[in-house]
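Q: My questions all concern the structure below.
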Amino acid sequence: MNPRHFTSLLDLSSEEFRLLINRAIELKNHRDPDYQPLKGQLLAMIFEKSSTRTRISFETGMAHFGGSASFLSPRDTQLGRGEPLQDSAKVISSMVDCIMLRTDKHETVTTFAQHSSVPVINGLTDQQHPCQLLADMQTYFEYRGDIKGKTVTWIGDGNNMCHSYIHAAMLLDFNLNIACPPGYCPQQEFVEAAGERVRFFNTALDAAKNADLCVTDVWASMGQEEEQKLREIAFKDYQINAEIMNAAHNDALFMHCLPAHRGEEVTAEVIDGTQSVIFAEAENRLHAQKALLEFLLCKK
Ligand code: CP
Ligand code: NVA
């Protein structure tokens, strides 16, 4: 039987997404140290890019569930010396129970999944970051209840996080207002698939009007470091600050996947202010991914 993968949020149905969110909340609120459904199981984590949250949350999640996780860097494996992805996927999956992969090209994750005999999880690609959306949506549900029919505002780069927000809007049925500088919009295929749920605005202020949740991300993602100066100019009017939060609903939340650059995409006043839920959001990576691991690995 083909394993179930999580390369994109669209690998889930709307119902499964809600199920995972509710299960994550349950696992967070009622931790039972004797519940070890993954006893003896191993998660291989291949990181071709840096990580704090993703690595620690998967390692801790596996430990909570009685299993373990192995950190693999391309520098120290044959992957970094050009061993074909297909061969690597077959070999690694013959020895472990699940594989998490953080890499540049989205196709690397989908190719790995095609050739893996165990579930493959996307731990971030240049195109998508679905694990982060599990945590973000869990956080919204915890603070405000179901997000269906609400308005989320994305300000900044039309990047991997923005693409996964578009997928979340499709699955959970919320409106997504986007304000990006010209030339930095999300890819057309993502926008077209979402239809009327996604709307574009010329200014950050217009996009933020009546928002229930305001979200942003760094102006230069991993791998774009040399564009930092250029991007600082292009994105200067796309910062979430007090004026933007004032245009949103009074009870609007602020989220950021982290790491953040205070004074660039968000002011310190907002990210460290009362509407910000960034630390609950970060912690929820652990709970949401435990729900995901259970979903992918435990026999129903
Ligand atoms: N948000 C996120 O994925 O953080 P890390 O890069 O630290 O894993
Ligand atoms: N867009 C960011 C997200 C980091 C978690 C990046 O890809 O670097």
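The values are calculated or read from the model by the stated rules, or taken from the named source; none is laboratory data. Remember, predicted model here, so these are calculated numbers, not experimental data. Because the Cβ atoms are built from the backbone with ideal geometry, glycine has one as well, and the counts that use them run over all protein chains shown. With ligands, DNA and RNA removed, areas are computed over all heavy atoms of the protein, side chains included. Shrake-Rupley method; radii C 1.70, N 1.55, O 1.52, S 1.80 Å.
Q: Out of all the residues in segment 28-57, which are part of a helix (DSSP H, G or I) and hydroxyl-bearing (S, T, Y)?
A: Of everything in segment 28-57, those that are part of a helix (DSSP H, G or I) and hydroxyl-bearing (S, T, Y) turn out to be T54, S57.
Q: Which residue pairs have Cβ atoms closer than 6 Å, lie 6 or more positions apart in sequence or on different chains, and pair a first residue in segment 94-115 that is surrounded by 18 or more Cβ atoms within 10 Å (Cβ to Cβ) with a second residue that is aromatic (F, W, Y)?
A: Hits for this filter: M100/F58; L101/F112; R102/F47.
Q: If you don't mind, there's one more thing I want to ask. Do you know which residues across segment 233-290 are of a type in the set (D, E), within 18 Å of Q138 (Cβ to Cβ) and touching a strand residue (DSSP E or B) at 6+ places or on another chain (Cβ under 6 Å)?
A: Answer for segment 233-290, where residues must be of a type in the set (D, E), within 18 Å of Q138 (Cβ to Cβ) and touching a strand residue (DSSP E or B) at 6+ places or on another chain (Cβ under 6 Å): just E281.
Q: Oh, and also: Kindly provide the set of residues from segment 175-192 that are within 19 Å of G263 (Cα to Cα) and either within 16 Å of ligand 2 (Cβ to nearest atom) or assigned to a helix (DSSP H, G or I) (or both), ordered by number.
A: C180, P181
Each row is one residue, and each column tells you yes or no for (1) more than 21 Å from the chain's Cα centre (by Cα); (2) within 20 Å of I178 (Cα to Cα); (3) in contact (Cβ under 8 Å) with a residue 12 or more places away in the chain.
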site: I233; (1), (2), (3): yes, yes, no
site: D237; (1), (2), (3): yes, yes, yes
site: I240; (1), (2), (3): no, yes, yes
site: A247; (1), (2), (3): yes, yes, yes
site: F254; (1), (2), (3): no, yes, yes
site: P259; (1), (2), (3): no, no, yes
site: E264; (1), (2), (3): no, yes, yes
site: E269; (1), (2), (3): yes, no, yes
site: E281; (1), (2), (3): no, no, yes
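Q: Here is a check on your reading of the model: is E294 in contact with a Ser or Thr (Cβ under 7 Å, 6 or more places away or on another chain) and either open to solvent by 20 Å² or more (accessible area, probe 1.4 Å) or not basic (K, R) (or both)?
A: Criteria not met by E294.
Q: Against the condition surrounded by fewer than 18 Cβ atoms within 10 Å (Cβ to Cβ), among the hydrophobic types (A, V, I, L, M, F, W, C) and at pLDDT 95 or above, how does C185 come out, does it pass?
A: Yes.
Q: Exactly one condition in (1) of a type in the set (S, T, N, Q); (2) under 18 Å from L133 (Cα atoms); (3) touching a helix residue (DSSP H, G or I) at 6+ places or on another chain (Cβ under 8 Å) is false for Q275; which is it?
A: (2)
Q: Quick check on segment 25-38. Is at least one of its residues within 25 Å of F112 (Cα to Cα), in contact (Cβ under 8 Å) with a residue 24 or more places away in the chain and within 16 Å of ligand 2 (Cβ to nearest atom)?
A: no
Q: Scan segment 220-230 and tell me whether some residue there is more than 22 Å from T151 (Cα to Cα) and in contact with a Leu (Cβ under 9 Å, 6 or more places away or on another chain).
A: Within segment 220-230 (the criterion being more than 22 Å from T151 (Cα to Cα) and in contact with a Leu (Cβ under 9 Å, 6 or more places away or on another chain)), the answer is yes, since at least one residue qualifies.
Q: Output the qualifying pairs, or none if there are none: Cβ atoms under 9 angstrom, residues six or more apart or on different chains, first residue in segment 54-75 and within 16 Å of ligand 2 (Cβ to nearest atom), second residue open to solvent by 20 Å² or more (accessible area, probe 1.4 Å).
A: Close Cβ pairs (under 9 Å, with a partner that is open to solvent by 20 Å² or more (accessible area, probe 1.4 Å)) amount to R55/A69; R55/F71; I56/L286; S57/A282; S57/E283; S57/L286; F58/A69; F58/L286.
Q: Could you identify the single residue in K49, K90 that is in contact with a Lys or Arg (Cβ under 7 Å, 6 or more places away or on another chain) and basic (K, R)?
A: None of the others qualify; the one that does is K49.
Q: Which ranges mark the strands (runs of 3 or more DSSP E) fully within segment 193-300 that have 1 or more residues being within 14 Å of ligand 2 (Cβ to nearest atom)?
A: 213-216, 253-256
Q: For R199, state whether it is surrounded by 18 or more Cβ atoms within 10 Å (Cβ to Cβ) and basic (K, R).
A: Considered against the rule, which asks whether it is surrounded by 18 or more Cβ atoms within 10 Å (Cβ to Cβ) and basic (K, R), R199 comes out as no.
Q: Let me ask another. Any residue in segment 199-215 that is within 16 Å of ligand 1 (Cβ to nearest atom) and closer than 23 Å to A247 by Cβ?
A: Within segment 199-215 (the criterion being within 16 Å of ligand 1 (Cβ to nearest atom) and closer than 23 Å to A247 by Cβ), the answer is yes, since at least one residue qualifies.
Q: Follow-up question, since we're still on this one. Please specify each residue of segment 105-154 satisfying the condition of being within 16 Å of ligand 1 (Cβ to nearest atom) and over 29 Å from Y238 (Cβ atoms).
A: Within segment 105-154, I121 is the sole residue that qualifies.
Q: Among the numbered criteria (1) within 16 Å of ligand 1 (Cβ to nearest atom); (2) closer than 18 Å to K209 by Cα, which single criterion is violated by I178?
A: In the conditions (1) within 16 Å of ligand 1 (Cβ to nearest atom); (2) closer than 18 Å to K209 by Cα, I178 misses (1) alone.
Q: Report whether or not L9 is open to solvent by less than 30 Å² (accessible area, probe 1.4 Å) and within 16 Å of ligand 1 (Cβ to nearest atom).
A: yes
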